[in-house]
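Contents: one structure, followed by commentary.
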Amino acid sequence: MRPLRVLLPTLLLAMSASATAACSGSSDPTGPGGLIHVGEGEVAGPGTIRHTDSFGGFWYLEAEGGEIYLPMVLPDEVRRDGLRVTFFGRLRPDIATTVMVGTVVELSSLVPR
């Protein structure tokens, strides 16, 4: 599978979101655990790849603030329980799963730390 795009776009978007928030006088976009809400329906930040045998077994992304995300696609090369990553993605609350936890996220960047 073609590797996902690297860290630079994520950092640029995060810096842009911070600058926009600072200029507009709004609150800091950084949430708990360094999670950054980049735009409406988008999220970026540090997290950890996790696996559980619950619900028949699945992989998920746990943000450092405790939020749980279910990647639509998780490349084989990062399917390691406990792998720390930096991620950027678009939230997909319109997609339902049989797993009853977390929010589906369409990752556009996932970089091991």
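Of the numbered conditions (1) in contact with a Lys or Arg (Cβ under 8 Å, 6 or more places away or on another chain); (2) of a type in the set (D, E, K, R); (3) part of a strand (DSSP E or B), ARG90 satisfies every one except a single condition; which is it?
(1)
For the list (1) at pLDDT below 95; (2) part of a loop (DSSP other than H, G, I, E, B); (3) out of contact with any helix residue (DSSP H, G or I) (no Cβ under 7 Å at 6 or more places or on another chain), I need the number of the one condition that THR98 fails.
(3)
Of all the residues that make up the stretch 63-84, how many are surrounded by 13 or more Cβ atoms within 10 Å (Cβ to Cβ) and under 23 Å from GLU40 (Cβ atoms)?
Looking only at that region, the number is 9.
The values are calculated or read from the model by the stated rules, or taken from the named source; none is laboratory data. None of the values given here were measured: they were computed from a predicted structure. So basically every Cβ, Gly included, is an ideal-geometry build from the backbone, and we count neighbours across all protein chains shown.
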